[in-house]
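Following: one structure in structure tokens, then a few remarks.
What follows is calculated from the coordinates using simple rules that are stated; it is not laboratory data. This one's a predicted model, so the numbers in the text were calculated from it and none came from an experiment. Don't worry about glycine lacking a Cβ; one is built from the backbone with ideal geometry, like all the others, and counts go over all protein chains shown.
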Amino acid sequence: MGLALLLLSASAHAATSNPFDWSSVPETDDQITMRLAHSLNMEWSSQTVAIKRFAELVAIYSNNRIKPEIFPGSQLGGEKEMLQQARQGVIQVTIPATNNMAQLAPSLNVLLLPYLTQSTEESNFLLDEITPVLVPRVIEEAGVRIVGWENTGWRNFFYNAPDPIRSPADLAPLRMRVPPNAIMLGTYRAWGASPTPIAWNELYSALQQGVVEGGDNPITDILGMKFDEVISRVTRLHYTILTHPIVVSEHWFQSLPQDLQEVVLRAGRETTEYVRWWQPLDEARWWMMAEEAGLQVDFIEDESEWRERAQSTWPDYYDLIGEDGADLVKVATDIVEKYDSKNNQ
């Protein structure tokens, strides 16, 4: 009986979570608070995974000298507002969508050029190579420093229609929701479509009421936001990938001693690596769920017409990127060509 009670007690103790983790360690007098804010409140999102991983690594590597506090679900405002708060040092970390951050940091528009990259590996290589070029520019433009990246996946068409989208002609009749970014709106117009800017939090009801027939997002967002309840089809393509830079307040970053600056940079690098390992595995699960949900999933086998039309618009956006927009685009395309030459030998 004594042994049984001992084993039962040990089993119950093992099932009890550790009372101290990175989010609940004891506070100390000289502890630095790091407020992290982001727009989503869904555990399934890769932004949530990224921000939690970053917070955990900063807490661990700083040996509890930096204490993270996470504010999800737009508690502190929309992504633009959170970026402004980060610039002022009110919050220390946020993770906006690249297309939203480009409103305050125009240099990031270079990453939104349609068909700049056409594979996840190519996109990762571009981000690694171009980030050192972008960091000082973004600090000047938005007052924040990019320390890492999250990748949600390629933006796929999701929609209600009797037939699948396979060519731009199939897209043209549909009213599609597009984020309010000039490059993304212009890409749809190049395909002959009429894009409709609608706020993300209004999209479900807009689909339900037929205000729009569809939009484009990674499969995790399509299912995670339950759009499968109000749409019937998904078409996969590779015109742009949804990424979120992990950014820290430059004012706060410069206030840290050098050893803690290195902690923040290390946590950003390792979070990027973690998400790149985790995201494809997670996305595969979501595609299986899409089939189980009864969505019709189609592929565009030849994207050449889509690519040619979209890339023809690039010169229209050089001024949006900056006074040297054409030069920065050349930097990006040189990096992509470098990747292609290394991997096509």
Cut-off 12 Å between beta-carbons: net charge of the residues surrounding Pro136, Lys and Arg +1, Asp and Glu -1
-1
In vacuo Debye sum over C-alpha of the stretch 98-181, base-10 log of normalised intensity I(q)/I(0) at q = 0.13, 0.19, 0.20 Å⁻¹, listed in q order, is -0.55, -0.95, -1.01
What does the convex hull of the Cα atoms of the stretch 138-228 come to per residue, in Å³, rounded to a whole number?
121 Å³
In vacuo Debye scattering of the chain, one point per C-alpha: log10 I(q)/I(0) at q = 0.07, 0.10, 0.15 Å⁻¹?
-0.33, -0.64, -1.31
For the stretch 93-119 and the stretch 52-83, write down the distance between their C-alpha centroids in whole Å.
21 Å
Could you state, as a whole-number percent, how many of the C-alpha pairs of the stretch 281-334 are farther apart than 19 Å?
58 percent
Per the Kirkwood definition applied to all pairs of different Cα atoms, how many angstroms is the hydrodynamic radius of the stretch 28-187?
17.7 Å
Full extension between Thr313 and Ala326 adds, at 0.36 nm per residue less the Cα distance, a length in nm of 3.4 nm
Could you derive backbone 3J(HN,Hα) for the stretch 231-240 from the dihedral phi with the Karplus parameters 6.51, -1.76 and 1.60 (θ = phi - 60°), listing whole Hz in sequence and x where the residue is Gly or Pro?
10, 10, 9, 9, 10, 8, 7, 9, 7, 7
What list of ³J(HN,Hα) values in whole Hz, one per residue of the stretch 26-39 in order, does the Karplus curve 6.51 cos²θ - 1.76 cosθ + 1.60 (θ = phi - 60°) give from phi, with Gly and Pro shown as x?
x, 7, 10, 4, 9, 5, 9, 7, 10, 8, 10, 10, 8, 8
Apply the Kirkwood formula to the stretch 133-185: the hydrodynamic radius equals the inverse of the mean of 1/r over all pairs of different alpha-carbon atoms; give it in Å with one decimal.
14.8 Å
Provide the three semi-axes, in whole Å and in decreasing order, of the ellipsoid equivalent to the stretch 21-114 as defined by the square roots of 5 times the Cα gyration tensor eigenvalues.
26, 14, 12
Which ordering of Trp277, Trp314, Trp191 is given by a fewest-first count of other beta-carbon atoms within 10 Å?
Trp277, Trp314, Trp191
Just check the stretch 167-284 against the gyration tensor rule for me: Cα atoms, a ≥ b ≥ c as the square roots of the eigenvalues, rounded for a/c under 1.5, and otherwise prolate or oblate depending on whether a/b exceeds b/c.
prolate
Work out, in µm²/s and without decimals, the Stokes-Einstein translational diffusion coefficient of the stretch 207-345 at 4 °C, 1.567 mPa s, Rh from Kirkwood over C-alpha pairs.
67 µm²/s
When the Kirkwood radius is taken over all Cα pairs of the stretch 76-123, what Stokes-Einstein diffusion coefficient follows at 10 °C and 1.306 mPa s, in µm²/s?
133 µm²/s
I'd like to know which of Ala142, Ser39, Phe158 lies farthest towards the positive end of the charge dipole of the chain, counting +1 on Cβ of Lys and Arg and -1 on Cβ of Asp and Glu.
Ser39
Compute the label zone of Thr33 within the stretch 57-76: residues whose backbone N is under 20 Å from the point 7 Å along Cα-to-Cβ.
57-60, 62-76
Amide H of Gly148 versus every other amide H placed in the peptide plane: which residues, excluding those fewer than 5 positions away on the same chain, fall under 5 Å?
Ile246
